[in-house]
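Notes for the one structure printed next.
What follows is calculated from the coordinates using simple rules that are stated; it is not laboratory data. Computed from a predicted structure; not experimentally measured. Glycine gets a Cβ as well: all are built from the backbone with ideal geometry, and neighbour counts include every protein chain shown.
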């Protein structure tokens, strides 16, 4: 004789074979009681009652925008159309590639079909600018530059000349 566990496993296997999928739904206690009462009044199982409610849901007018479900093909077409609107290309046209007439960025890495600089060049320029500002703040005077590059005896002479106002 089959045990309870074996019977449940057989029942689940039969449901899977019939095309059903397990879906768990959590309700508050009063909501579950309402669903049970509704299913009992309609002479339905809980799943049939839920399905009837879900199928009737699109017919109920909603406030605001309803979510639109798109397939991957529809989503790709929508993205292509929106991208074409922003870039000024015809829909379905390929993105620009670097050719003999299309300019490249300063580094020669990216095609530049738009005015301005590419992100890589902009990042490099900002880094150079930041490094230059740091260098200016760290060594603002000529004296510091001379001290760091000149031998010690020449640095002393340069310091004396600087303090007396003579050219170095």
ask   = Ranked highest first by the average count of other Cβ atoms within 10 Å around their residues, in what order do 75-81, 44-50 fall?
value = 44-50, 75-81
ask   = Residue separation times 0.36 nm, minus the C-alpha to C-alpha distance between residue 85 and residue 3: what's the value?
value = 23.0 nm
ask   = Based on the Kirkwood radius over alpha-carbon pairs, what is the Stokes-Einstein translational diffusion coefficient of the stretch 4-56 at 37 °C with 0.692 mPa s viscosity, in µm²/s?
value = 257
request  = Determine the gain in length on full extension of the stretch residue 42-residue 137; use 0.36 nm per residue of separation and subtract their C-alpha separation, reporting nm with one decimal.
outcome  = 26.1 nm
query = If r is the Cβ-Cβ distance from residue 13 to residue 56 and R0 is 35 Å, what FRET efficiency results, to the nearest 0.05?
reply = 0.65
